[in-house]
Amino acid sequence: AGARAVKVRLLAVLDEIQELAREAEKEAEERALRDPPALLLALLSGERDRRREAARIGLLPERRRRRPARLLRKAEYKARRLAEKLAEALRNPPTPPGGKTPAPAPGPAPPALPEAARKAAAPVVLEASKAMAEAESRLDGRDAKGAVEAQTRAVEKLGEAARRLVPPLPALVAKLLDDQRTLLALTKDGDPALLPAEEGEIGTWLAFLSGLPDPPAGAKGALSAETLGKVRAAAGVAREAAVRAERSLAARAFEKAVPDEEKVIEKLEAIRDLLPKPPEPPAERVRRLLEAEREVRKKLDAIAGLGPEARKAEEKALVEPQRGHGREATETAKELERSPGEKEKEAAKKVREAEEEIFTSAESLERDRGEEARGSVDRAVKALEEALRILSGKRGEGGAGRPRNRPSPPKEGGKKKEGERKKKREAPGRLGPREARRMIAEMDRRRREEEEKLFPGGGGPRVDKDW
């Protein structure tokens, strides 16, 4: 009876974990749909990867295709549903309930899309979703070749829709660089699943870059005429190299394609360096500041054993860098405070604590108080670590905010269901996910010990898990 009760509790915990995963997936979808150009690039990259997997499945014997084809079909289904939602969002932008404007997502807001571009891209995305549905059907019948053909059509349509929406150039160039580097690695390996069409698709994007139109007069953040000319020229050279590489791949001359693919990477890197750098996310700034403070702590530990004069000189050398770190903490805290998200505002308080400790450590170092400076740096590191945990959705012990192993707050109209879930969670003897995993591992260990007693010498039946 006791074992049965434990298993029932374990199943309840697993149900709750699955519910949390579904909620997290839904939130991620909602965030992605707010930026259609970025979502299209992600869908395009994912479809290329799935097409390559389908080509690999086609190289397997018939009897070994069933499981990988089923897994790939499941991934294709999820991507197709997201493409359908995107097509609907482009055709009919969602309006918030009650006419209320939703709080903007943290980070820079995606640019507003022209209505004409949205309407033109929506049917193309819908065509891509139909091709993805056909790929699902082909994978269901383990027809890998037919799936690859359908996925190629989906890639073409997704690329066409993305070009109509004109994705941000830095993000586009970064994606092309990543795709081209992947192709280069596959080419060097002589991967039989590599398709010449992959290089041709990169060439299509390079043709798009080489023909970028002049921006409207007075457009904010537009490239200068000189920079735009350099981008077009580099993209033209890269496109010629991509065309040559595609011909070599079609002839299965992998070694001949390598120099041209390296040329494409070289020109894409040149284009990347010409483009304005995207703003650094606050979480990345906090992470960089945390690493800098950890380095200061190491230096303070290293100079603690020096003589008075040498130690004083080393401490003086750290004063200005620490003040620079304090100014960086000030700017980061201001950026977080300007964000509408509660998570960012909470992290800003921790960054403010770190700011104060960093400036205090600089003053202590200037007055030759190394021990006091070391304590201030320790407290700054602790505060920055907590800020980073908050920004990443985690909380330390006793931290504010909703624990990770609890469902999201109830949405309007779902208070009754949330109340029932709360009662279940607060029931006596309710297991948390961590405790559940520990008990599962303990049950497996005991079962293995019993097996060793019953079947000495390694013979007899063995069971991987008993739950």
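When the surface is traced with a 1.4 Å probe over the full set of protein chains, Arg272 keeps roughly 100 Å² accessible. Counting only protein heavy atoms and using a 1.4 Å probe, the accessible area of Phe254 comes to about 40 Å².
Sorted by mean Cβ packing within 10 Å, highest first, what order do the peptides 11-19, 287-295 take?
By packing density, highest mean first, the sequence is 287-295, 11-19.
Ranked by the mean number of other Cβ atoms within 10 Å of their residues, highest first, the peptides 150-158, 341-349 fall in the order 150-158, 341-349.
Summing +1 for each Lys or Arg and -1 for each Asp or Glu, what net charge is found among the other residues whose Cβ lies under 12 Å from the Cβ of Glu25? Can you show the working numbers first?
Numbers: positive: Arg22, Lys26, Arg31, Lys78, Arg81; negative: Glu19, Glu23, Glu27, Glu29, Glu30.
Overall, the nearby charge balance is 0.
When you count the other C-beta atoms within 10 angstrom of each residue and take the mean per peptide, 367-373, 80-86 line up highest first as 80-86, 367-373.
Net charge within 14 Å of Asp301 by Cβ-Cβ distance, Lys/Arg positive one each and Asp/Glu negative one each, not counting Asp301 itself? If you can, show how the numbers build up before the last one.
Values: positive: Arg294, Arg297, Lys298, Lys299, Arg311, Arg374; negative: Glu293, Glu295, Glu314, Glu315, Glu371, Asp378.
Neighbour charge sum, excluding Asp301 itself: 0.
When Glu309, Glu328 are compared by accessible area of protein heavy atoms, the largest-first order is Glu309, Glu328, using a 1.4 Å probe.
Cross-link pairs exceeding 26 Å between alpha carbons, from the set Lys78/Lys157; Lys74/Lys145; Lys74/Lys175; Lys175/Lys345; Lys175/Lys298; Lys299/Lys343: Lys175/Lys345; Lys175/Lys298; Lys299/Lys343.
Taking square-rooted eigenvalues a ≥ b ≥ c of the alpha carbon gyration tensor, is region 138-241 rounded, prolate or oblate, where a/c under 1.5 means rounded and, failing that, a/b exceeding b/c means prolate? Please report the intermediate quantities before stating the final value.
On the way: a/c = 3.11, a/b = 1.84, b/c = 1.68.
Judged from the Cα gyration tensor, region 138-241 comes out prolate (a/c at least 1.5, a/b above b/c).
Solvent exposure of Leu306, expressed as accessible area, is near 70 Å², computed with a probe of 1.4 Å over the protein chains only. The 1.4 Å probe gives accessible areas that order Ser392, Ser210, largest first, as Ser392, Ser210.
The values are calculated or read from the model by the stated rules, or taken from the named source; none is laboratory data. If you're wondering where the values come from, they're calculated on a predicted model, not measured in any experiment. Methodologically, a virtual Cβ is constructed for each residue, glycine included, from the backbone with ideal geometry; neighbour enumeration extends over all protein chains shown. Just the protein is used for accessible areas: all its heavy atoms, side chains included, with ligands, DNA and RNA removed. Shrake-Rupley method; radii C 1.70, N 1.55, O 1.52, S 1.80 Å.
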